[in-house]
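Everything on this sheet refers to the single structure shown next.
The values are calculated or read from the model by the stated rules, or taken from the named source; none is laboratory data. All values derive from a computational prediction rather than experimental measurement. Cβ coordinates were reconstructed from backbone atoms using ideal geometry, including for glycine residues, and neighbour counts include every protein chain displayed.
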Amino acid sequence: MSTSFSICLWDNSALEMPSYYQNVFEDFKLVSESPIAVVFEIAGVRIMVLTHAVPEMKFNEKISLVLTVETQEELDKYWNYFTKEGRAGQCGWLEDKYGISWQIVPSVLGELMSNPQTIGSVSSAMMKMSKLVIAELIDASK
């Protein structure tokens with residue numbers, strides 16, 4: 001028996017979403033599309049978006065998608081793309097144009113935040129940032 005995990009979202013803009021995400025994710029894969037749902041994959045994670053959402057139900061930051069990147073160039077690419085029509089938040093959080101919350105974080109952050117000797121200074125530096133800057137986080141750990 002095979003087990004899989006996917007994300008299900010409801011949004012009246014469901015049929016527009018594939019082209020938006022395809023423009024930024026090189027590994028984007030459209031799986032299926034119909035008048036009631038679109039299914040695509042990003043970084044191997046399957047996302048199904050159903051149309052005909054209840055207008056009162058809005059996305060919020062209680063649930064966010066975490067995108068872990070290796071370089072500042074990658075971080076900047078995703079951050080700039082999503083905030084162009086979305087909204088920047090604090091500590092690497094943002095909302096894309098559909099109101100979906102993302103955290104764009106460098107892979108080194110886990111190492112810096114798990115070290116008892118650097119967690120305080122790195123946390124303090126991160127709390128002052130909107131978009132995370134890898135060099136500044138590393139400098140804060142010294």
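Quick notes on this structure:
- Any hit, the stretch 63-81, residues being assigned to a loop (DSSP other than H, G, I, E, B) and either free of Cβ contacts under 8 Å to residues at least 24 places away in the same chain or at positive phi (or both): no
- Subset of the stretch 46-77 (residues that are touching a Leu at 6+ places or on another chain (Cβ under 6 Å) and assigned by TED's automatic domain parsing to the domain that holds ILE100): VAL69
- Within the stretch 16-47, if we keep just the residues that are more than 16 Å from the chain's Cα centre (by Cα) and in a strand (DSSP E or B), the residue that is nearest to LEU132 (Cα to Cα) turns out to be LYS29.
- Applying the criterion of being in contact with a helix residue (DSSP H, G or I) (Cβ under 8 Å, 6 or more places away or on another chain) and surrounded by 17 or more Cβ atoms within 10 Å (Cβ to Cβ) to the residues of the stretch 67-94, the residue that is nearest to SER124 (Cα to Cα) is GLY92.
- The condition (being at positive phi and not polar (S, T, N, Q)) is satisfied by just one residue among GLY92, GLY86: GLY92.
- Checking LEU9 against (1) in contact with a Lys or Arg (Cβ under 6 Å, 6 or more places away or on another chain); (2) under 22 Å from TYR81 (Cβ atoms); (3) modelled with pLDDT under 90, the condition it does not meet: (1)
- Sole residue being over 21 Å from ILE63 (Cβ atoms), among the hydroxyl-bearing types (Ser, Thr, Tyr) and in contact (Cβ under 8 Å) with a residue 12 or more places away in the chain, chosen from SER124, SER114: SER124
- Taking the stretch 107-142 as the range and being within 17 Å of the chain's Cα centre (by Cα), among the polar types (S, T, N, Q) and surrounded by 14 or more Cβ atoms within 10 Å (Cβ to Cβ) as the test, only SER130 passes.
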